[in-house]
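Below is one structure, written out as structure tokens; comments come after it.
The values are calculated or read from the model by the stated rules, or taken from the named source; none is laboratory data. Please read these numbers as outputs of a predicted model, since none were measured by experiment. Here the Cβ positions follow ideal geometry from the backbone for every residue, glycine too, while neighbour counts run over all protein chains shown.
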Amino acid sequence: MAHFKPILTLAVEHLFFADGRCPNLVFTTTPATRRVLQQYQLAVKSDANGITVFSDQEFLVEFDEEAVLRFEVFAQDPYFGFYTLEAQNRKLPLYYHSRNITADNTSLVLLDEQPAESQDLRPTRAKPGDRTPLLMVDIDLSGTEFSAAREADAPAVERSIKFNTRDIYWKYYFFGELAKLDLEIHDSSSPNAVAFDQSDEAVAKNGKAFISQVPIAMNSAPKQRFQLKDKNNSGKILIKRLPNAGVNLISKSRDLRGQQILVAEIYVNQ
């Protein structure tokens, strides 16, 4: 009976998520990779953190220089590109190679160029519903670290891919009776308070719009606590905690200087 042991664990982390994990990613193998897996009696298992590569201890053929595992990684979340800093203004898929790691030998480094055979085969940006992979990950098994990891008592090689969350301006729209008041948004959540300016744009239904003066880091569980106050009534609190921005309402807008910016829209009708 075959006995498999892990030789590589690849974890994906993302600062957008409260627990630091990056869920809803699907790792797929290319036809060439499936041939390599069969040639060296390797197996791949996906889990909530990423993937693990296993080696059959009864079949330890030495890896040659062409023993490369390529994974195309798809995001089940169509908004992944909206809250991921690394995906901003880059050609997809994002490319990582196991030989390019950080100084502490743990994280794979995002490369500026894709491998030559994959260039110009993908659209510049993925759209919701596209089957364009967001990542391409090459694991070169010919290095000594993977040969060493096949030893019976040796630990698996541990690697990670780390994503940073994107900063986006927040834009509140107020309608109804609220829009008739002299409004002010107050930040009660941070010593470095975020201020909002009233937009000079025309808003439908006599509404009002306010845009944050600085972009705010997007998060699946935002910690911001913004209050809505009436400036003409001794700062009376109208809404103790305004709803936070999500990634499902992202659009282009302009700040007070006329510069185009990306905003996360929040609508309040009361």
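What is the residue count in segment 136-174 for residues that are over 30 Å from residue 19 (Cα atoms) and modelled with pLDDT under 95?
Of the residues in that region, 9 qualify.
Six or more apart or on different chains, Cβ under 8 Å: which pairs go from a residue in segment 246-260 that's among the basic types (Lys, Arg) to one that's modelled with pLDDT of 90 or more? Could you list them?
252/260; 252/261; 252/262; 252/263; 254/260; 254/261
Please specify each residue of segment 220-248 satisfying the condition of being loosely packed, with under 13 Cβ neighbours inside 10 Å and among the hydrophobic types (A, V, I, L, M, F, W, C).
221
Does segment 138-171 hold any residues that are touching a Pro at 6+ places or on another chain (Cβ under 9 Å) and either of a type outside the set (A, V, I, L, M, F, W, C) or closer than 20 Å to residue 85 by Cβ (or both), and which are they?
Passing the criteria: 138, 155, 166, 167, 168, 169, 170.
Is at least one residue of segment 62-69 among the charged types (D, E, K, R) and either under 27 Å from residue 251 (Cβ atoms) or in contact with a His (Cβ under 6 Å, 6 or more places away or on another chain) (or both)?
No - not one qualifying residue is present in segment 62-69.
Considering each residue of segment 18-36, count those that are surrounded by fewer than 17 Cβ atoms within 10 Å (Cβ to Cβ) and hydrophobic (A, V, I, L, M, F, W, C), and give that number.
Qualifying residue count, segment 18-36: 3.
Could you tell me which of the residues 149, 193, 154, 202 is surrounded by fewer than 18 Cβ atoms within 10 Å (Cβ to Cβ) and in the same structural domain as residue 57 (by TED's automatic domain parsing)?
Result of the check over 149, 193, 154, 202: 154.
Scan segment 247-261 and tell me whether some residue there is assigned to a strand (DSSP E or B), at pLDDT 95 or above and not assigned by TED's automatic domain parsing to the domain that holds residue 56.
No: segment 247-261 contains no residue that is assigned to a strand (DSSP E or B), at pLDDT 95 or above and not assigned by TED's automatic domain parsing to the domain that holds residue 56.
Among the residues of segment 177-218, which ones are assigned to a loop (DSSP other than H, G, I, E, B), closer than 16 Å to residue 245 by Cβ and in contact (Cβ under 8 Å) with a residue 24 or more places away in the chain?
189, 190, 194, 199, 214, 215, 218, listed by residue number.
Could you figure out which of (1) in contact (Cβ under 8 Å) with a residue 60 or more places away in the chain; (2) touching a helix residue (DSSP H, G or I) at 6+ places or on another chain (Cβ under 8 Å); (3) assigned to a strand (DSSP E or B) isn't true of residue 43?
(1)
Scanning for something modelled with pLDDT under 95, within 17 Å of residue 140 (Cβ to Cβ) and acidic (Asp, Glu), does segment 73-89 turn up at least one residue?
no
Looking for whichever is aromatic (Phe, Trp, Tyr) and either under 18 Å from residue 3 (Cα atoms) or not assigned by TED's automatic domain parsing to the domain that holds residue 140 (or both) here; the options are 74, 59, 27. Which one fits?
Selected residue: 59, the only one of 74, 59, 27 that is aromatic (Phe, Trp, Tyr) and either under 18 Å from residue 3 (Cα atoms) or not assigned by TED's automatic domain parsing to the domain that holds residue 140 (or both).
Being β-branched (Val, Ile, Thr), at pLDDT 95 or above and closer than 19 Å to residue 109 by Cα narrows it down to one of 12, 44, 53, 36, so name that one.
12
Looking at segment 47-63 only, could you name the residues that are exposed (fewer than 13 other Cβ atoms within 10 Å of the Cβ) and either over 19 Å from residue 148 (Cα atoms) or touching a helix residue (DSSP H, G or I) at 6+ places or on another chain (Cβ under 8 Å) (or both)?
The answer is 47, 48, 61, 62.
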